[in-house]
Amino acid sequence: FTAKWIQNHYRWIVWKLAAMERRFPEQLGGRYLNYRHILSQLKGRYEKELRSAKRSAVRKVLNRDVSAGIPMILCVSQILRFKLKLPKDGEEIVGEKSVEEIRLELTDGWY
């Protein structure tokens with residue numbers, strides 16, 4: 001595994017554990033998102049992905065091993081907003097119009 005692999009998994013594990021603490025504050029608040037649990041989750045990811053060669057539904061689609069039409073449940077993990085400047089028809093970009101573009105980052109919850 002690489003530093004990039006660790007960074008990616010660390011990000012998603014922290015996101016998941018923090019979401020669980022927020023959702024169940026009475027039961028998990030302050031006890032779920034900790035160093036020991038993060039390391040345990042990283043080890044589990046390593047065992048599952050690298051040693052057992054198992055992959056998430058999204059990874060299988062991206063690798064074209066299954067159809068993109070397979071049923072799956074996805075979660076919106078981030079909403080990204082961009083301002084795009086569009087030139088007027090036939091003119092240079094002097095009197096610009098801007099349009100907001102919204103992109104969604106999705107996760108299959110594999111982490």
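The values are calculated or read from the model by the stated rules, or taken from the named source; none is laboratory data. These numbers come from a predicted model, not from an experiment. For neighbour counting, all protein chains shown are included, and Cβ atoms are generated from backbone atoms with ideal geometry for every residue, glycine included. Remember, those area values only see protein heavy atoms, side chains included, never the ligands or the DNA or RNA. Shrake-Rupley method; radii C 1.70, N 1.55, O 1.52, S 1.80 Å.
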Find all pairs meeting these conditions: Cβ atoms under 6 angstrom apart; at least six residues apart or on different chains; first residue within the range 97-110 and on the phi > 0 side of the Ramachandran plot; second residue open to solvent by less than 90 Å² (accessible area, probe 1.4 Å) and in a strand (DSSP E or B).
GLY109/CYS75
Quickly run through the range 81-111 and pick out the residues that are of a type in the set (A, V, I, L, M, F, W, C), modelled with pLDDT under 75 and loosely packed, with under 10 Cβ neighbours inside 10 Å.
VAL94
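Here's the yes/no breakdown for (1) open to solvent by less than 70 Å² (accessible area, probe 1.4 Å); (2) modelled with pLDDT under 90:
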| position | (1), (2) |
| --- | --- |
| PHE1 | no, yes |
| LYS4 | no, no |
| ILE13 | yes, no |
| ARG22 | no, no |
| GLU26 | no, no |
| LEU33 | yes, no |
| LEU42 | yes, no |
| LYS48 | no, yes |
Cβ-Cβ distance below 6 Å, separation of 6 or more or different chains: which pairs start in the range 51-63 with a residue that is assigned to a loop (DSSP other than H, G, I, E, B) and end on one that is open to solvent by 70 Å² or more (accessible area, probe 1.4 Å)?
LYS54/LYS48
